[in-house]
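The values are calculated or read from the model by the stated rules, or taken from the named source; none is laboratory data. Here the structure is a predicted model, which is why all the values come from computation and not from measurement. Here Cβ is always computed from backbone atoms with ideal geometry, including for glycine, and neighbour counts include all displayed protein chains. Heads up: the accessible areas ignore ligands, DNA and RNA and are worked out on the full protein's heavy atoms, side chains in. Shrake-Rupley method; radii C 1.70, N 1.55, O 1.52, S 1.80 Å.
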Amino acid sequence: MPSNNLDATNASGLAANETKGLQERSPEPHEEKIIQGIKELYTCKPTERTYEIYAPDAVFHDPIGIAEGIKSIRAQFNGLAKLFPRADIPSFRVLQNPPSIPKNRILIDQDVSYYRDPNASSPTKTVNSLLTLETNDHHQVVKHTEEWDHRRETTGDDGFLGLLNEHRKKFTANFTGLFISQEPPAEKKD
């Protein structure tokens with residue numbers, strides 16, 4: 001659940017208005033594979049290779065769930081592709097890190113348009129989000145945080161309601177994992 005406090009720092013360590021004002025930059029060569037994987041995930045077209053961008057113990061945190069480990073992350077994005085057979089990314093910007101942000105963090109501002117009907121002329125929903133991707137020395141994502149409209153996600157550090165929300169997110173991710181195939185939808189042989 002996004003915080004109502006617009007001055008609260010998001011996963012990047014900056015406030016929403018600060019990350020929205022960051023300049024665009026070109027990806028570094030070692031970031032290209034990660035960027036390609038992120039685009040495949042958010043256009044609901046993951047393949048087996050897409051998930052190679054993650055470390056085995058990576059964590060994905062968004063307003064819906066907290067997925068811990070690659071198996072749980074796969075279930076989240078494979079499930080997204082089942083809900084939305086089409087998604088387009090009309091805007092995708094890799095952002096310049098200010099000096100206070102470590103170099104192993106990739107910041108992305110994106111708009112994703114989701115379609116329940118793949119033939120529809122207008123999307124069901126368009127979402128703006130900040131992606132904060134923390135990488136390890138092997139250039140794998142260890143933490144992937146998605147924050148809608150760049151607004152900080154609540155956690156257990158936010159008191160009782162934040163703790164309840166954090167547990168709900170973990171439950172949602174675990175529950176999804178029980179019913180969603182590990183095989184990417186783009187590779188299924190129907």
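General remarks:
- Elements of type strands (runs of 3 or more DSSP E) contained in the range 54-100, each with 1 or more residues being open to solvent by 30 Å² or more (accessible area, probe 1.4 Å) and touching a Phe, Trp or Tyr at 6+ places or on another chain (Cβ under 9 Å): 66-68, 86-95
- In the range 20-34, the residues that are outside any loop (DSSP other than H, G, I, E, B) reach residues that are of a type in the set (S, T, N, Q) and loosely packed, with under 14 Cβ neighbours inside 10 Å with C-beta atoms within less than 8 angstrom, at least six apart or across chains, in these pairs: Glu24/Gln96.
- When the range 35-52 is limited to residues that are assigned to a helix (DSSP H, G or I) and open to solvent by 40 Å² or more (accessible area, probe 1.4 Å), the one that is farthest from Arg116 (Cα to Cα) turns out to be Glu52.
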